[in-house]
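Student: This is the structure I want to talk about, given as structure tokens.
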Amino acid sequence: MKILMSCKSLHALMLSGSFKGERMPADNDMVDFDGFQNLRVLCLVESHLTGKLPVWLSELHNLEILLLSGNEITGPIPSWLGTLPRLFYINLSENRFSGEFPKQLCRLPRLVYEPNITSQVDYTNYEFELPFYFGPVARNPNYYLSSKISSYPSTIDLSNNNIIGDIPIEVGQLQLLLGLVLHSNNFSGIIPDQISNLKNLEVLNLSMNHLSGIIPLSLASLTFLKEFNVSYNNLQGPIPTSTQLQSFNASAFEGNPKLCGAPLPNKCGRPNKGIDEDNKKNNKDMDNGLHQLPWFYISSIVLGFIVGFWGVCGSLIINKTWRYAYFRFIYNVQNRLYVMITVRINMIKRKP
């Protein structure tokens, strides 16, 4: 690596499978690092490199494509990756990266802003003398076998690592991103609704994580998706209806037992058998209660009438002394009311 640093005009460094278990060139080995200043492509895939991502890579201000998949690099993904002004293709898959998805990665200038000055436009049109590839050519020859850098899709691939935490909502700022590949990690939380801001997105793979909640309805607005996969998470609810999402195979949604709707075979709106039986039992009990309710009220009224009426009137009929006392009390009350009303009327008449 140090020998090649003296090649000031080097634009592409591709040493796939060249180290086999050696350590990633550390910062201590690059104390006087001032090389690779014109490097556009760095490819060290399938080399089983160990160690952490060195800081000297942050000095590669012209780097556009970074490929470090298939190694054993550890530690968190450094935030300074988000400061590289030209970087638009990152593949750190099949490593041992840990920690969370750095929010700074959602501010990559090349993926946030359209090129608006002549130098940037010229830079994106750069073309190598010979075509090169850095992935499975059979998947898409137009992307993976070309001499023009602009032919390669803007991508962030962090799959097959140990990344934890939520997918940051700031990912919605990467409006020029074409591929977001985060499968086979330990992401949790929900799928951010802000992903729907990525109107140019062609690949979205969030499978084999621990994501929960629903699939946001807004994802139905992503009309350019060619690959979509959210299988083997903890998602639930209906799959948003759109011609785009329903065009994918059921395998893109499998492994989410509470997910329903096309293209999955289980339909929405049908409770499972246990819940259905409980609901029927509760409804039956409620119906029985409604049928029994009027009879309860009727019997209570009849019993109250019998007790009240015969408790008072019955005692007056049977006991002569109580009967005389009762009628005497009624007579006295009647006389008093007559006197009070008469006096009140006379007082009103006397007023001028």
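Student: Across the range 235-249, what is the number of residues that are part of a loop (DSSP other than H, G, I, E, B) and either at positive phi or loosely packed, with under 15 Cβ neighbours inside 10 Å (or both)? Even if it seems obvious, please write down each step before you answer.
Tutor: To start, the set of residues in the range 235-249 that are part of a loop (DSSP other than H, G, I, E, B) comprises 239-244, 248-249.
Within this subset, residues satisfying the condition of being either at positive phi or loosely packed, with under 15 Cβ neighbours inside 10 Å (or both) are 241, 243, 249.
Result for the range 235-249: 3.
Student: Ok, one more. Any chance the range 175-182 includes a residue that's more than 30 Å from His11 (Cβ to Cβ) and either more than 19 Å from the chain's Cα centre (by Cα) or of a type outside the set (Ser, Thr, Tyr) (or both)? Outline the logic, then answer.
Tutor: If we filter the range 175-182 for residues that are more than 30 Å from His11 (Cβ to Cβ), which is where we start, we get none.
No: the range 175-182 contains no residue that is more than 30 Å from His11 (Cβ to Cβ) and either more than 19 Å from the chain's Cα centre (by Cα) or of a type outside the set (Ser, Thr, Tyr) (or both).
Student: Out of curiosity, is Phe228 assigned to a strand (DSSP E or B) and either surrounded by 16 or more Cβ atoms within 10 Å (Cβ to Cβ) or in contact (Cβ under 8 Å) with a residue 24 or more places away in the chain (or both)?
Tutor: yes
Student: Looking only at strands (runs of 3 or more DSSP E) that fall completely inside the range 140-220, which ones have 3 or more residues that are free of Cβ contacts under 8 Å to residues at least 60 places away in the same chain? Give the derivation first.
Tutor: Values: elements: 146-148, 155-157, 179-181, 186-189, 203-205, 210-213.
Where strands (runs of 3 or more DSSP E) fall fully within the range 140-220 and carry at least 3 residues being free of Cβ contacts under 8 Å to residues at least 60 places away in the same chain, they are 146-148, 186-189, 203-205, 210-213.
Student: Every residue in the range 14-37 that is farther than 22 Å from Ser79 by Cβ and either modelled with pLDDT of 85 or more or in contact with an Asp or Glu (Cβ under 7 Å, 6 or more places away or on another chain) (or both), please.
Tutor: Ser16, Gly17
Student: Quick check on this structure: which one of Asn229, Asn209, Asn205, Asn233 is in contact with a strand residue (DSSP E or B) (Cβ under 6 Å, 6 or more places away or on another chain) and either farther than 25 Å from Ser154 by Cα or among the charged types (D, E, K, R) (or both)?
Tutor: After applying the criteria, what remains is Asn233.
Student: Do any strands (runs of 3 or more DSSP E) entirely within the range 41-120 hold 1 or more residues that are within 26 Å of the chain's Cα centre (by Cα) and modelled with pLDDT of 90 or more, and if so, which?
Tutor: Details: elements: 41-43, 65-67, 74-76, 89-91, 96-98.
Once the strands (runs of 3 or more DSSP E) in the range 41-120 are filtered for at least 1 residues that are within 26 Å of the chain's Cα centre (by Cα) and modelled with pLDDT of 90 or more, what remains is 74-76, 89-91, 96-98.
The values are calculated or read from the model by the stated rules, or taken from the named source; none is laboratory data. No experiment lies behind these values; they were computed from the predicted model shown. Here Cβ is always computed from backbone atoms with ideal geometry, including for glycine, and neighbour counts include all displayed protein chains.
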